[in-house]
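The values are calculated or read from the model by the stated rules, or taken from the named source; none is laboratory data. Every value quoted in this text rests on a predicted model; they were computed, and no experiment measured them. Cβ coordinates were reconstructed from backbone atoms using ideal geometry, including for glycine residues, and neighbour counts include every protein chain displayed.
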Ligand code: SF4
């Protein structure tokens, strides 16, 4: 994974769609950091990045990156920054990098809930474009078992507030999060409920990742103790089919093209839905190749 970043501290991640963006680190880690499946910032103490270092990174980009068009604010939940500081960073980007056309960030439900409606509007006016929200599952019991902040309704509420403020919404969900199971199992309930929640959110973009249980996470410990059995490839494909069946976007992109996925799809919904479902069925029937486990990663 190529990262275009300045003065980055510790491990930094970004959505696949931000591959061309300058990674501007404004927080360190994640203020929640308790999701059982998430290896991203375990061992990284949460904090706000020193404003001087953020300003210096922007200054460096202003002097050296005239081709730069996109900036991604990281780490895990940049929106948790106090409003004034966020507005000041967006203002610095607009002033010193006037050629930048898109500034995006991760935003978990907790961070969105802390902002007022007016503050979200001000962030959009200051230049914030897309917020990436991790829904992960449309089932409360799965979210609760995984230690997510907030239930499904809370995620729907925060997604709706972000959209009402004029922010673009990109929502991530996780295939396999209910563990191994076939038709009639909690895995089907998880996939179908997640599709219905995506439909209710109706984001500009929805991305389905496949769960990979990472060492160092609480979920890995559960797996070691035999309390969590990961979904197999056929199960992940079936979940993708159930999810897609239930996902009705008025006009949006649906991706399963993250490096963790056995089948990489890039669909424009509703136009490509039938083609997407057919592609999943072909993979399930063995008529189309899936990405081998060894080539998948987080
Ligand atoms: S909120 Fe996001 S970054 Fe933070 S622990 Fe959960 S999944 Fe990881």
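Kindly indicate which of 147, 151, 176, 216 is modelled with pLDDT under 95 and within 16 Å of the ligand (Cβ to nearest atom).
Numbers: 147 fails: modelled with pLDDT under 95; 151 fails: modelled with pLDDT under 95; 176 fails: modelled with pLDDT under 95.
216 is the lone residue from the list that is modelled with pLDDT under 95 and within 16 Å of the ligand (Cβ to nearest atom).
In the stretch 161-186, what residues are within 15 Å of residue 206 (Cβ to Cβ) and surrounded by fewer than 21 Cβ atoms within 10 Å (Cβ to Cβ)?
Hits for the stretch 161-186 are 163, 168, 172.
Determine if the stretch 127-145 includes at least one residue that is closer than 28 Å to residue 257 by Cβ, part of a helix (DSSP H, G or I) and in contact (Cβ under 8 Å) with a residue 40 or more places away in the chain.
The answer is yes; a qualifying residue exists.
What are the residues in the stretch 245-298 that are out of contact with any strand residue (DSSP E or B) (no Cβ under 6 Å at 6 or more places or on another chain) and touching a residue at least 60 places away in the same chain (Cβ under 8 Å), if any?
259, 293, 296, 297, 298
For (1) at positive phi; (2) surrounded by 18 or more Cβ atoms within 10 Å (Cβ to Cβ); (3) within 19 Å of the chain's Cα centre (by Cα); (4) within 16 Å of the ligand (Cβ to nearest atom), each residue gets a yes or a no:
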| residue | (1), (2), (3), (4) |
| --- | --- |
| 14 | no, yes, yes, yes |
| 51 | no, no, no, no |
| 54 | no, yes, no, no |
| 83 | no, no, no, no |
| 92 | no, yes, no, no |
| 106 | no, yes, yes, yes |
| 117 | no, no, no, no |
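Kindly indicate whether residue 22 is within 15 Å of the ligand (Cβ to nearest atom) and within 23 Å of the chain's Cα centre (by Cα).
No.
Kindly indicate which of 81, 97, 112, 86 is within 17 Å of residue 170 (Cα to Cα) and at pLDDT 95 or above.
Just a single option satisfies the conditions, and that option is 112.
Tell me which strands (runs of 3 or more DSSP E) are completely within the stretch 198-298 and hold 3 or more residues being farther than 21 Å from residue 179 by Cα, or say none if there are none.
Numbers: elements: 205-210, 252-255, 266-269.
Filter on the stretch 198-298 gives 252-255, 266-269.
Determine whether the stretch 44-64 contains at least one residue that is in contact (Cβ under 8 Å) with a residue 40 or more places away in the chain, in contact with a helix residue (DSSP H, G or I) (Cβ under 7 Å, 6 or more places away or on another chain), more than 30 Å from residue 143 (Cα to Cα) and assigned to a helix (DSSP H, G or I).
Looking for residues that are in contact (Cβ under 8 Å) with a residue 40 or more places away in the chain, in contact with a helix residue (DSSP H, G or I) (Cβ under 7 Å, 6 or more places away or on another chain), more than 30 Å from residue 143 (Cα to Cα) and assigned to a helix (DSSP H, G or I), one finds none in the stretch 44-64, hence no.
From 10, 43, 29, 47, which residue is within 15 Å of the ligand (Cβ to nearest atom) and surrounded by 20 or more Cβ atoms within 10 Å (Cβ to Cβ)?
Being within 15 Å of the ligand (Cβ to nearest atom) and surrounded by 20 or more Cβ atoms within 10 Å (Cβ to Cβ) holds for just one of 10, 43, 29, 47, which is 29.
How many residues does the stretch 68-117 hold that are out of contact with any strand residue (DSSP E or B) (no Cβ under 8 Å at 6 or more places or on another chain) and either assigned to a strand (DSSP E or B) or under 16 Å from residue 20 (Cα atoms) (or both)?
Residues in the stretch 68-117 being out of contact with any strand residue (DSSP E or B) (no Cβ under 8 Å at 6 or more places or on another chain) and either assigned to a strand (DSSP E or B) or under 16 Å from residue 20 (Cα atoms) (or both): 1 in total.
Cβ-Cβ distance below 6 Å, separation of 6 or more or different chains: which pairs start in the stretch 148-166 with a residue that is farther than 12 Å from residue 124 by Cα and end on one that is in a loop (DSSP other than H, G, I, E, B) and at pLDDT below 95?
That search, which allows pairs on different chains as well, returns 149/32.
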